[in-house]
1. Residue under question is A:Thr256, and the condition is that it be farther than 30 Å from A:Leu415 by Cα and either in contact with an Asp or Glu (Cβ under 7 Å, 6 or more places away or on another chain) or not in a helix (DSSP H, G or I) (or both); does it hold?
2. Would you confirm whether or not the stretch B:271-285 contains a residue that is β-branched (Val, Ile, Thr), within 14 Å of chain A (Cβ to nearest Cβ) and open to solvent by 20 Å² or more (accessible area, probe 1.4 Å)?
3. Please go through the stretch A:315-334 and give me each residue that is within 16 Å of ligand 3 (Cβ to nearest atom) and either charged (D, E, K, R) or within 14 Å of chain B (Cβ to nearest Cβ) (or both), ordered by number.
4. Quick check on my filter: what residues within the stretch B:308-325 are at the interface with chain A (Cβ under 10 Å from one of its Cβ atoms) and not hydroxyl-bearing (Ser, Thr, Tyr)?
5. Mind checking which pairs have a first residue in the stretch A:319-336 that is within 16 Å of ligand 1 (Cβ to nearest atom) and a second that is outside any strand (DSSP E or B) and open to solvent by less than 60 Å² (accessible area, probe 1.4 Å), Cβ under 6 Å, 6 or more apart or different chains?
6. Filter the stretch B:139-186 down to the residues that are small (Gly, Ala, Ser) and closer than 21 Å to B:Ser322 by Cβ, then identify the one that is nearest to ligand 2 (Cβ to nearest atom).
7. How many residues does the stretch B:337-386 contain that are open to solvent by 40 Å² or more (accessible area, probe 1.4 Å) and assigned to a loop (DSSP other than H, G, I, E, B)?
8. Kindly indicate whether B:Ser610 is away from every other protein chain (no Cβ under 11 Å) and more than 24 Å from the chain's Cα centre (by Cα).
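The values are calculated or read from the model by the stated rules, or taken from the named source; none is laboratory data. Since this is a predicted model, take the numbers as computed values, not measurements. All Cβ positions, even for glycine, are placed from backbone atoms using ideal geometry, and neighbour counts span all protein chains on display. For accessibility, only protein heavy atoms count, side chains too; no ligands or nucleic acids. Shrake-Rupley method; radii C 1.70, N 1.55, O 1.52, S 1.80 Å.
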Amino acid sequence: MSELDTIVAPATPVGRSALAVVRIDGPLSGQILATLSGSLPEERKAAFTRIRQGGEPIDECVAIFYKAPRSFTGNDLVELMLHGSPVIIERVIVAARQLGARIAEPGEFTERAVLNGKLDLVQAESIADLVDARTSLQAKLSLLNVEGRLSRTCASIRESLLHVISRLEAALDFSEEGYEFITRADARMRLEAALAEIRAVADTYERGRATRAGITAVILGQPNAGKSTLLNTLVGSERAIVTPIPGTTRDIVRETIEIGGLPMTFLDTAGLREHADLVEEIGIRRARDASRSADIVLYLIDATRGADAYDEAEIAALAGRHVVVVQTKRDLAASSGLAISAATGEGMRELIAHLDAIVRERFAVPEASPSIVNERQRAAVAECESGLSAALDSIAGNADEQFIVVDLYRAANALGTLTGAVSRDDVLREIFSKFCIGK
Amino acid sequence: MTTDAARCFTWNMSSQFDIIVIGGGHAGAEAARVCARGGARVAMITMMRDAIGRMSCNPAIGGLAKGNLVKEIDALGGLMGEAADRAGIQFKVLNRSKGPAVQGPRAQCDKEIYSRAVQDILAAESNITFVESAVQALLFGSSALTGLRLTDGTELRARATIVTTGTFLRALMHSGEVKTAGGRFGEPSAETLSDSLRAAGLELGRLKTGTPPRIERTSVDFSLLTEARGDAEPRAFSILTDRIALPQVLCHVTYTGAFAHELIRANLHRAPMYSGQIRATGPRYCPSIEDKVVRFADKDRHQIFVEPEGLDHPWLYMNGISTSLPADVQDALVHSLPGFAHARIGRYGYAVEYDFVNPQQLDATLQVRGVAGLFLAGQINGTSGYEEAAAQGLMAGINALQYVRGGDPVVLRRDEAYAGVMIDDLVTLGTEEPYRMFTSRAEHRLLLGCDSVYERLTPIAESLGIVDDERRRRAESRVTRMHRAKTLALETSLTPDRATQEWMGAAGFELTAKTSVAKLVQRAEFHVEHFLAVAAPAFPALTSALTALSAEELEGVTSALRYSGYIERQQREASRSAGDEQTRLSAEMSYALPGLSREVVEKLSSVRPSSLGQASRIPGMTPAAIAILRMHLRRKSAETPAEHAPV
Ligand SMILES: Cc1cc2nc3c(=O)[nH]c(=O)nc-3n(C[C@H](O)[C@H](O)[C@H](O)COP(=O)(O)OP(=O)(O)OC[C@H]3O[C@@H](n4cnc5c(N)ncnc54)[C@H](O)[C@@H]3O)c2cc1C
Ligand SMILES: Nc1nc2c(ncn2[C@@H]2O[C@H](COP(=O)(O)OP(=O)(O)OP(=O)(O)O)[C@@H](O)[C@H]2O)c(=O)[nH]1
Ligand SMILES: [Mg+2]
C-alpha cells in the first residue's frame, strides 16, 4: 500500500467571491478538522462550526467530512466553506499545515481522484476547468464534460472502429472459414460516419478554446474617437486615461468583462493616424498587431467628424476579421447604425446586445454538444481524424486489410487516451462472439 | 546481444546433466535440440520414446500466424520446419493474395513420418541422452531446482530443468459419459508432477481441449466430397530444404446439415461440456461441434476439412467437428454427412482436461520467478498448438542454455518476432483459455512477415552459437541477395524517353517523369516479370539481381518496396515505444510508491514486468500510473545511477 500524505489548498480562486472553499485531503484530514473545530462532524453532513487556532477564532464556516472511499478523491476529505477573505483562507491553511498537511500541488486533488479511479482523464480535465470557470456558460460546459458527454461520443466512435477493425482482422486471421466478414462498402460507410462524428467534435475545439480562454475584442479608431472612454464605460471604472488631446493613449490597456456568457477582454489602443511621434508610432504598431489576432474588432468613428477615406482604408485592411463599426458621441451629432454616447449612455445596451449575439452565434458551444477544451484532447482528436482519413484512402486504393488496420489502430489508440482503448483482446472477443470460427 | 558463443561452460561436476528436458512433445524436442546445439549435456525424459514428436491432434503444421512461428523457429536454428518439410504431403500458403506480412505457410503432414523425422533429427545430436520414464517429482535446493526423481526412484541432477509436459498433468479424457485418465489416447497421465509445481509456489489452473473422430479411409465415398488442393509449387518451411520429397495429395471438404444439428441438440445433456462433467475452459477459436451448434444456432451448416493422417495411414482427420459426445451420437453424426453414410469410425473424438500453470508466474525467459533453473514451455503454459509449443520450447531452451553458461537472457521483442509477441502476452497478460497465435495479436505485424525472418533472427541465433554452418550460409546469402535487389531497385531509374515509353505503353501505363524502379513497383499495373521480359538488356545489374532471387524472395522484395510507406510507419511506431521497452524494472523492485493505487501496486507486484513497456501492457494499467512509475524511476536513477544500468 502506498503511503499517502495529507494536502491542503483553496478549491476556489482566491479573492473573487463571497465564499471560499478550502479542501484537506488524506489520512490526517479528519483529525485536522477535529482539532480546528473542536469536534469531528458526522460523515457527509454539513455542519456549522467555528474554526479556531490556538484558541483564537479564525472564522465561522460550514464543514463537511467525507470518509474514504466515498469522497471526490477517494480518500478521507474535508471541505470548509469559509468567508471569501484572502486573510481567512491564509490563516486556515497555515493552521492545517501546522497540524501536518502540506500545500497541494496544482491539480493534485484531481490527480488523486484519477489515481483512485474516481474520474477518468477527460472528466478530470473538466474538473480543473470547472474550478477556475469564471462565467456561467463556462461552468455549464465543464459540467457537460464531467457527465462524460465527450467520453460518450468517443465511445461511440470507438464502437464503430472496433466493429470494422475486428472484421478486417477476421478476414486476415480466419480467411479459410469461408465468411465475408465485412464488405468494403460497409466498412467505408461506417468509417465515413465515424469520421463525420470526430470532425464534429474537432470543430468544437475552436469554440471550446474561446470558451476556455475567452474572447478578445480590440477597440480601434482615429485619435479622440472615444476608445478609452468606451473601455471605461464598459468596465464601469476609470481604467484608461481620457483627455481631449488626440494621441492620449499609447500602450494597450486591457479589461475583461462577461458578455454572452464568456469572458471578453477589451483592448484599448492608440489612435491610428499618419504622422505620429516615435512613442505613438510604436503604440499604433501594437494596435495593428493586436487587431490581427483578435476575435472581434470594434472600429470607432467620431460622429461629429464622420468616416473619412482614412477610416475606410483601415476598415478595408481588416478584411477577414470580425469588424463591428460603431459611431461615438451620438449626443453631439446625428448618427446612423450602431451608435453610442458615453456621455448619456445611449446605445450602450444595443452595443452589448450586439456583442452578446455575436458571441452566442460564433463562439459559444451549442449547449448540447460534446466539446474538447484542451490541447491534449485536441491532439488526440486530430490524430484520430487523420487515422480515419488515411484508412479511407487505403480503402479507396483497394489496399489489403493489414494496411487499412494500421491507420485504424492509430485512430483507435488516439481515442484511447480520451476513453477506453481498443485492445487486441477486445478485437478477438468481438470476432469470437459474432462469428463461428475454428475447426 | 553480446553473448560469446565460445564461452566455456563452468562445468559443475556434481550434476550428471547440464539441462534436463521433461517431455518429448514439440516444445521438448526444440528445447533439447537447441541446448545440445549450444554444447550442453542434455537429458530428455519422456514416458514413451516412440511418441517423441507425436502430433496429438491434427495432421498439419503451420497456418496463419502459426506458419510465421515455424519460419522463426527455422531462422533460429530449430527443427520444426525441417521435420514438416520431410513429412509434408500437401503444402499451401494461406492468404497468398495478401502479401508476405500476413501469409501463413501450412503443410498437411504424414503423422508417422513427422514424428520419425523429429526423432531422427534429435538422434543426430550426440549430446542428448534419452530416458524413457515418467518424472514423479522435482527436487529443490534452497532457492533453486537441483534435479528430479523418476517413478522408479532414480534421481537425476541438473543445473536447469525445462518442463514441457503438454496436456499430461492430471489429465482426464472424456468421451461422452466415459472418463479415462490419460494425456493423449493410449498414453498415461502424469499424476504427481503438479504437486511438485505447487511446492515450487506455482498456482495451477485447469484447461480443456478436444479432438475430432478419425474415420477409416476405405469406408468413405469421395465422389460426394469437394476436392481441396494444395499449391502447385509446394513452398518449403526450412531454408535447408531444397526439394519437397513426398508425393502430394488431395484433401476434401464436406458439411454438417440440419439433421446433424438436431441430433446434437437432442443429445447435449450427454456432452461433458454441457452436463457439467467438464468445468475447465476450452478455446473460443476452436469450439467443439456441440459449441458451434449451440452458440451459432442460426448457421445451417458447418464446414469440415477431411484430411488424410498420412500417405498410407488408414485414417482421415475430420477437421471441424471436434467433439466429446458419446460414441453412439458420434456414429449417427458422422453417418449424416454427405459421403459418410457407411463410414466407420477408427477412433472416437474426445476432450482432454489438464492442469496448466498461469504463465504470469514466469519471467520473460520462461523461467519460474523465484525458482532459479526451472523453465516451463509449451501447453503447460496455457497455450495450444504445436507451433506455439515449439517456439516456447526453443526460447526456453535458449534461456536455459544461457542460464547454465552464465550468458545474458534472450528476450525477443514484440516488433522482432511472433514468438516475442506470444511470450510477452503470456507472461504479461496470462491466459484464461488455451492461447493460440493470431496475426492480429502483433501490433507490428507488417514487420513480422515470413520474408524477413532470416534477416531478423538468424544473426541472434548465430551470436548464441546455435546455428549450423549450412543454415547460416544459406540465410546470409539469401539476405544479401534480397538486399542487393532492393538497393538496385531504389537506385535504378527509368526516364520517359521514346524507347521506354514504347514498351511501357504496351504494358498499359505511361511514365511522365524520371522514376525509380522501386517507385514503379508501388503501382499496381507494374509487374516485375514484365519489366524483366522487355527491359532486361538496358538494366543488366538490376536484372541479374532480380533473376538471382527465388520466387519467394522476389515476392519478399517487391512487397517490401510496394508497402514501404506502411512498413516505415510501423517502424516509427515501434521505435517510439523503444524507450519504454528498454527502461528496465528490476525483479526486486518495490511498487509501494506514493501515488500508485493499491490495485495497480498489486498488479505490478504479481506480474513483475521486466520493462516499463511491459508494465504498460498489464490490463488495467492507467496512463497516469505509468507516468507516476516513470517519474519514480527517473528520480531513483538520479539518486543511484549504478542501480539503473540496463540489465
Ligand atoms: C486431445 C487433444 C486435442 C488437441 N486439440 C488441439 C487443437 O484442436 N488445436 C491445437 O492447436 N492443438 C491441439 N492439441 C494440442 C497439441 O497437441 C499441443 O498443443 C502440443 O502437442 C503441445 O506440445 P507440448 O510439447 O507442449 O506437449 P505434448 O505434445 O503434449 O508433449 C508432452 C510430452 O511430455 C511427456 N510427459 C508428460 N508428463 C511427463 C512426466 N511426468 N514424465 C515424463 N514425461 C512426461 C509426454 O510423454 C510427452 O512427450 C490437442 C491435444 C490433445 C491431446
Ligand atoms: N460628449 C461626448 N464626448 C465624448 C464621448 N466619448 C468621448 N468623448 C470625449 O472625447 C475626448 C477623447 O476621448 P478619448 O476616449 O480619450 O478618445 P481616444 O479615442 O481614446 O483618444 P486617443 O487615446 O487619443 O486615441 C474626451 O474629451 C472625451 O471626453 C461621448 O460619447 N460624448
Ligand atoms: Mg485613448
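1. Details: farther than 30 Å from A:Leu415 by Cα: yes; either in contact with an Asp or Glu (Cβ under 7 Å, 6 or more places away or on another chain) or not in a helix (DSSP H, G or I) (or both): yes.
Answer is yes for this residue.
2. Pass one, the stretch B:271-285, residues β-branched (Val, Ile, Thr): B:278, B:281.
Subsequent filtering for residues that are within 14 Å of chain A (Cβ to nearest Cβ) retains B:281.
From what's left, open to solvent by 20 Å² or more (accessible area, probe 1.4 Å): B:281.
Within the stretch B:271-285 (the criterion being β-branched (Val, Ile, Thr), within 14 Å of chain A (Cβ to nearest Cβ) and open to solvent by 20 Å² or more (accessible area, probe 1.4 Å)), the answer is yes, since at least one residue qualifies.
3. Going residue by residue through the stretch A:315-334, those that are within 16 Å of ligand 3 (Cβ to nearest atom) are A:326, A:328-329.
Correct list: A:Lys329 only.
4. Listed by number, the residues that qualify are B:Met318, B:Asn319, B:Gly320, B:Ile321.
5. Correct list of pairs: empty, since none qualify.
6. Pass one, the stretch B:139-186, residues small (Gly, Ala, Ser): B:141-144, B:147, B:153, B:158, B:160, B:166, B:171, B:175-176, B:181-183, B:186.
Remaining after also requiring closer than 21 Å to B:Ser322 by Cβ: B:166, B:171, B:175-176, B:181-183, B:186.
On the way: B:Gly166: 90, B:Ala171: 93, B:Ser175: 98, B:Gly176: 98, B:Ala181: 99, B:Gly182: 99, B:Gly183: 95, B:Gly186: 102 Å.
Of everything passing the filter in the stretch B:139-186, B:Gly166 is nearest to ligand 2 (Cβ to nearest atom).
7. Qualifying residue count, the stretch B:337-386: 9.
8. Details: away from every other protein chain (no Cβ under 11 Å): yes; more than 24 Å from the chain's Cα centre (by Cα): no.
No, not satisfied.
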